[in-house]
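First comes the structure, then the notes that go with it.
What follows is calculated from the coordinates using simple rules that are stated; it is not laboratory data. Bear in mind that the values here come from a model prediction, so they are computed numbers and not experimental data. When we count neighbours, we look across all protein chains shown, and the Cβ atoms used for this are built from the backbone with ideal geometry, even at glycine.
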Amino acid sequence: MRSPKDFFRPLAVGAPEPVREVPFRPSRMIHFFDPGNPRMAAKVPGIAPGVDVLLGNLEDAVAADRKEAARTGLVEIARATDFGQTQLWTRINSLDSPWALDDLLTLVTEIGDKLDVIMVPKVEGAEDIHYVDRLVAQLEAKAGVRRPILLHAILETPRGVANVEEIAGASPRMQGMSLGPADLAASRRMKTTRVGGGHPGYLVREDPLPGAADAPRAVFQQDLWHYTIARMVDACAAHGILPYYGPFGDIKDTVACEDQFRNAFLLGCVGAWSLHPVQIGIAKKVFSPAPAEVAWARRVIAEMGDGTGAVMIDGKMQDDATVKQCRVVVELAEALVA
Ligand code: GLV
Ligand code: MG
C-alpha cells in the first residue's frame, strides 16, 4: 500500500524505502452532501461509486436547528450503505461550537468502523489537533474501532495559516489539509463575498506604452489564493500529508472552477471539494495527470536510464531533477489506476 508520504519521499537513486503509515487512496474530489436532507441522502448510494470521497457535512451550510438531524442522518446512511472503494469522511462542527463534542462522541462510537477521515474546520494550531486526536483515540478504544480514523484540517483562519506547519505535523493521524477560502476571506477581512475563485478587481494592469498613454492596456487577473495554497502545499509536503483546494462556490461557472482546480493541482494539491455533481467530473479530470503528460514523463524516465546525468529530448534539457518531476506524474497516474 502507498502512503501520502510516498508522494513526497526523496526520489534519489538508492533512497531507502519510506515508512508506510497511511495507505494512499485516491481523493481527487471530496463530494459534500447534507446527511439530514432526505432528498440528498437518498442519492448517496447512487453517487458513491463515481466519487473518491463522500463527505457527510455537519458544519456550515447545515442550519443550527438541523445539526442533530444531520448527525443522525449520517449514522443511518453509513450503516445502510456499502461504500465499496469510496471513502467516507465527515466534516464535524468547529471546536468552539456547542456541537463538536457530540459529533465526535456519536460518530466515532456509532460508525467509527466506517469513517475514514474526520475533517476539522477552523483549526488554529496544533492544540486543536491534539485535542481531537486524544478524544478520537479514547472513543476508538471504547467502541473497539481497530482501524485508526484519520484527521484533516481546514485552513481558514489567519492563526491557522500562521501555524500551518505545526498543524500539518501535529499527529500521525493527519491525512491532509484543505484551503477554506470563504472563512479565510472573512476572518482576514478580505473584501470579497465569494466562495473561492478569482475576483475581477484583483488584477495587474499593463504599463502604458511610451507616447500612447490613452491606448487600451491589458489587464491580468491575479490569483487571490496563490500565497495560501503555496504555504499549505509546502507545510503538507514537509510533513508527508496531502494538500487540497477547498470549495468553489460559483457552481454555474464550470470554466473558472476548472481553472482554479488546475492552479491548485499544478501547485501540488491532490484534490478539491465538490459541492455539486457537476464539479465531480471537473475534479476527476483536473486531478488525474493528463495521458500526454504521463506519456512524456515515461519517455523522460526511460531515456534518463539510472536517473542521473543529462540528456536532450526534443530540444529540452533533462537531468536528475526533471526525472524526479516525471516520477511524481507517473507515480500519481499509477496510484490512481491501482
Ligand atoms: C470552507 O469551509 C470555507 O470556509 O471556504
Ligand atoms: Mg469554512
Completion exercise
Flagged in the range 72-120 as of a type in the set (K, R) and free of Cβ contacts under 8 Å to residues at least 24 places away in the same chain, in numbering order, are none
Fill in the blank from the handout: Per the list (1) over 24 Å from E76 (Cβ atoms); (2) buried (at least 24 other Cβ atoms within 10 Å of the Cβ); (3) touching a residue at least 60 places away in the same chain (Cβ under 8 Å); (4) within 16 Å of ligand 2 (Cβ to nearest atom), residue check on G160 breaks on (3)
Practice task
Could you tell me whether any residue of the range 139-151 is assigned to a loop (DSSP other than H, G, I, E, B) and either surrounded by 20 or more Cβ atoms within 10 Å (Cβ to Cβ) or in contact with a Phe, Trp or Tyr (Cβ under 9 Å, 6 or more places away or on another chain) (or both)?
Solution key: yes
Completion exercise
Of the residues in the range 301-338, those that are of a type in the set (S, T, N, Q), in a helix (DSSP H, G or I) and buried (at least 17 other Cβ atoms within 10 Å of the Cβ) come to T322
Practice task
Need at least 3 residues that are under 20 Å from T157 (Cα atoms) and β-branched (V, I, T) per element, so show me which helices (runs of 4 or more DSSP H) inside the range 220-291 make the cut, counting only ones lying wholly within it.
Solution key: 226-239
Exercise for the section: Could you please give the count of residues in the range 52-87 that are away from ligand 2 (no atom under 16 Å from the Cβ), among the small types (G, A, S), more than 21 Å from L150 (Cβ to Cβ) and surrounded by fewer than 20 Cβ atoms within 10 Å (Cβ to Cβ)? Expected result: 2
Handout entry: Which listed residue is touching a helix residue (DSSP H, G or I) at 6+ places or on another chain (Cβ under 6 Å) and either within 24 Å of G180 (Cα to Cα) or within 16 Å of ligand 1 (Cβ to nearest atom) (or both), from L74, L95, L101
Key = L95
Completion exercise
Residue hits (the range 116-145; of a type in the set (G, A, S) and in contact with a Pro (Cβ under 9 Å, 6 or more places away or on another chain)) are A137
